[in-house]
1. For the stretch 92-99, indicate whether the set of residues that are hydrophobic (A, V, I, L, M, F, W, C), modelled with pLDDT of 95 or more and either in a helix (DSSP H, G or I) or under 15 Å from residue 175 (Cα atoms) (or both) is non-empty.
2. Among 110, 128, which is part of a strand (DSSP E or B), closer than 27 Å to residue 72 by Cα, within 17 Å of the chain's Cα centre (by Cα) and of a type outside the set (Asp, Glu)?
3. Go over the candidates 181, 120, 135 one by one and state the one that is basic (Lys, Arg) and under 14 Å from the mean Cα position of the chain (by Cα).
4. Out of contact with any Pro (no Cβ under 7 Å at 6 or more places or on another chain) and more than 26 Å from residue 156 (Cβ to Cβ), is that true of residue 65?
5. So which of 111, 40, 20, 26 is under 21 Å from residue 132 (Cβ atoms), among the hydrophobic types (A, V, I, L, M, F, W, C) and at pLDDT below 95?
6. Looking at (1) assigned to a helix (DSSP H, G or I); (2) farther than 30 Å from residue 124 by Cβ; (3) under 15 Å from the mean Cα position of the chain (by Cα), which is the one condition that is false for residue 71?
7. Please enumerate the residues belonging to the stretch 14-39 that are in contact (Cβ under 8 Å) with a residue 12 or more places away in the chain, among the small types (Gly, Ala, Ser) and either surrounded by fewer than 23 Cβ atoms within 10 Å (Cβ to Cβ) or in a strand (DSSP E or B) (or both).
8. Need pairs with beta-carbon distance below 7 Å; first residue within 15 Å of residue 34 (Cα to Cα) and within the stretch 97-110, second modelled with pLDDT of 95 or more and charged (D, E, K, R); sequence gap 6+ or separate chains.
Amino acid sequence: MRKGAVILAAGAGMRLGGVAKALLNAGGGRTFLSQILATAREVGLDRAIVVVGPPFGEQVAAHAVDLGAEVVINPQPERGMASSVALGFAAIAGTACDAAWLWPVDHPDVAAVTLRELERQLGKHSAVRPTVGGRGGHPPLITRELWPQLAACGDAPQGARSVLVESDMLDVEVNDDGCVRDVDTAIDLEKV
């Protein structure tokens, strides 16, 4: 199976005082974005699409290109995360990938073993999502059959969620707090 990733990095990081989360230090000399790409490549990532937008789009795009990822620009990320999801899945649909992780950049600590388990469990399902203690997490692994709907979810009230809840999505319980630990505030950042 050829695997891709749609990495959402177009936010303005306002709850952190206005920072590009993709460029934050994840430890070990890695940024959040480089950590995510390294983890995904450890399990055979074929293509990565990083969705960027103002005000940090140029810096994040340059970093993504340096890391060997492709960039899609969301000119209006203030429309919400669904607008970035739609642009990212429209872009990855033009690749030879069979499935892709939908990965918000504020989840840099997901373990490679989790990604392997999601791939193993995918089977005939249209998506698999990691859960921790019954709580849904990131990144779900989504097959190509759902990509047209995701590419059209930009104006859906529930965004990607509206597509995934109606799909044949399997929840996979994992022992990986990185799936449910997103970095939105300074307190969250201290835990990274």
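1. Residues of the stretch 92-99 hydrophobic (A, V, I, L, M, F, W, C): 92-93, 96-97, 99.
Then drop every residue that is not modelled with pLDDT of 95 or more, which leaves 92-93, 96-97, 99.
Now narrow it down to the ones that are either in a helix (DSSP H, G or I) or under 15 Å from residue 175 (Cα atoms) (or both): 92.
So far as the stretch 92-99 goes, yes, one or more of its residues are hydrophobic (A, V, I, L, M, F, W, C), modelled with pLDDT of 95 or more and either in a helix (DSSP H, G or I) or under 15 Å from residue 175 (Cα atoms) (or both).
2. Numbers: 110 fails: part of a strand (DSSP E or B).
Step by step, each of 110, 128 is checked, and only 128 is part of a strand (DSSP E or B), closer than 27 Å to residue 72 by Cα, within 17 Å of the chain's Cα centre (by Cα) and of a type outside the set (Asp, Glu).
3. 181
4. Details: out of contact with any Pro (no Cβ under 7 Å at 6 or more places or on another chain): yes; more than 26 Å from residue 156 (Cβ to Cβ): yes.
Yes: the conditions hold for residue 65.
5. On the way: 111 fails: at pLDDT below 95; 40 fails: at pLDDT below 95; 20 fails: under 21 Å from residue 132 (Cβ atoms).
Going through 111, 40, 20, 26 in turn, just one is under 21 Å from residue 132 (Cβ atoms), among the hydrophobic types (A, V, I, L, M, F, W, C) and at pLDDT below 95: 26.
6. Failing condition for residue 71: (1).
7. Listed by number, the residues that qualify are 17, 18, 26, 27, 34.
8. 110/176
The values are calculated or read from the model by the stated rules, or taken from the named source; none is laboratory data. Since this is a predicted model, take the numbers as computed values, not measurements. Reconstructed Cβ throughout: ideal geometry from the backbone, glycine too, with neighbour counts over all protein chains shown.
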